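Enquirer: Just dropping this structure here.
The values are calculated or read from the model by the stated rules, or taken from the named source; none is laboratory data. Nothing here was measured: the structure is a model prediction, and the numbers come from that model. Reconstructed Cβ throughout: ideal geometry from the backbone, glycine too, with neighbour counts over all protein chains shown. Side chains are part of the model used for accessible areas, which takes the heavy atoms of the whole protein and leaves out ligands, DNA and RNA. Shrake-Rupley method; radii C 1.70, N 1.55, O 1.52, S 1.80 Å.
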Amino acid sequence: MADSFFKWDQERLTTHVEAMDNEHKKLIDIMNRLFERNEAKAGKAELQAIVRELASWTVTHFDHEEKFFDTLPYSQAAVHKKIHADLITRLKGHAAEFDKTGVLTPAFFQFLKTWLTAHIMGIDTKYGVIAAQKSA
Ligand SMILES: [Fe+2]
Ligand SMILES: [Fe+2]
């Protein structure tokens, strides 16, 4: 597992929901691959394919996550969905910019990193708490 850009940190990032943790790990894997191939100066077509994979997996993951927390008494569901929609808009904006310029900017990687730390740690862990209470 490539972890040059972002390393999975069980203690800080776990939602205590194994299926969601596995999906987050896959997300991080794709981001790391994008970072590494970009560092290795891979061609635009290859990077574009990874950006598309990231966007498509993100859409899939958000869909799985929303279906999961909709089964819980989770009061932040609507806000969480709105945040997902905003993240997808921003991700697609970065992807469109890359299509035009062929350059993956530091701002793009910063966005990915912030998303991981702020969203997984600050937001996703909240449904984890509810899920743990439900199964306790
Ligand atoms: Fe989320
Ligand atoms: Fe998530």
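Enquirer: Lysines within cross-link reach of K82: Cα-Cα under 19 Å, excluding same-chain residues under 8 positions apart?
Expert: K67, K92, K126
Enquirer: Farthest toward the dipole's positive end in the chain, which of F6, F62, H94, given Cβ charges of +1 (Lys, Arg) and -1 (Asp, Glu) about the Cα centre?
Expert: H94
Enquirer: Now for a different question. From the phi of every residue in the range 20-31, what ³J(HN,Hα) in whole Hz does the Karplus formula 6.51 cos²θ - 1.76 cosθ + 1.60 yield, where θ is phi - 60° and glycine or proline is x?
Expert: 6, 4, 5, 5, 5, 5, 5, 4, 5, 4, 5, 4
Enquirer: Pop out the Kirkwood hydrodynamic radius of the range 17-135 from its pairwise C-alpha distances, inverse of mean 1/r, in Å to one decimal.
Expert: On the way: mean 1/r = 0.0662 Å⁻¹.
Here the Kirkwood hydrodynamic radius works out to 15.1 Å.
Enquirer: If you roll a 1.4 Å probe over the heavy atoms of the protein chains, what accessible area per residue do you get for the chain, in Å²? Could the numbers behind the result be given before it?
Expert: Working: 7290 Å² over 136 residues.
Per residue, the chain has an accessible area of 54 Å².
Enquirer: Given contacts defined as C-alpha pairs under 8 Å and at least six residues apart, what's the relative contact order of the chain, whole-number percent?
Expert: Details: 88 pairs, mean separation 50.3, N = 136.
So the answer I get is 37 percent.
Enquirer: Please compute the length gained on full extension between A118 and K25, using 0.36 nm multiplied by the number of residues separating them and subtracting their Cα-Cα distance. Write out the running numbers ahead of the final one.
Expert: Working: separation 93, 0.36 × 93 = 33.48 nm, distance 1.54 nm.
Using 0.36 nm per residue and subtracting the Cα-Cα distance, I get 31.9 nm.
Enquirer: For the range 17-135, which whole percent of the accessible surface, found with a 1.4 angstrom probe, sits on carbon and sulfur atoms? The partial results should precede the final answer.
Expert: Values: 3540 of 6040 Å².
Taking all protein chains in place, the range 17-135 shows 59 percent carbon and sulfur surface.
Enquirer: Next question, about the same structure. Along the charge dipole of the range 1-59, which of L34, V17, Q48 sits closest to the positive end, that is, farthest toward it, with unit charges on the beta carbon of Lys, Arg, Asp and Glu (+1, +1, -1, -1)?
Expert: Q48
Enquirer: Shifting gears a bit: Taking the Cα centre of each part, how many Å lie between the range 102-131 and the range 15-70?
Expert: 11
Enquirer: Then there's this: Just how large is the dipole of the chain about the Cα centre, in debye to the nearest 20, putting +1 at every Lys and Arg Cβ and -1 at every Asp and Glu Cβ? The partial results should precede the final answer.
Expert: Values: 18 positive and 19 negative charges, 63 e Å.
Charge dipole of the chain: 300 debye, to the nearest 20.
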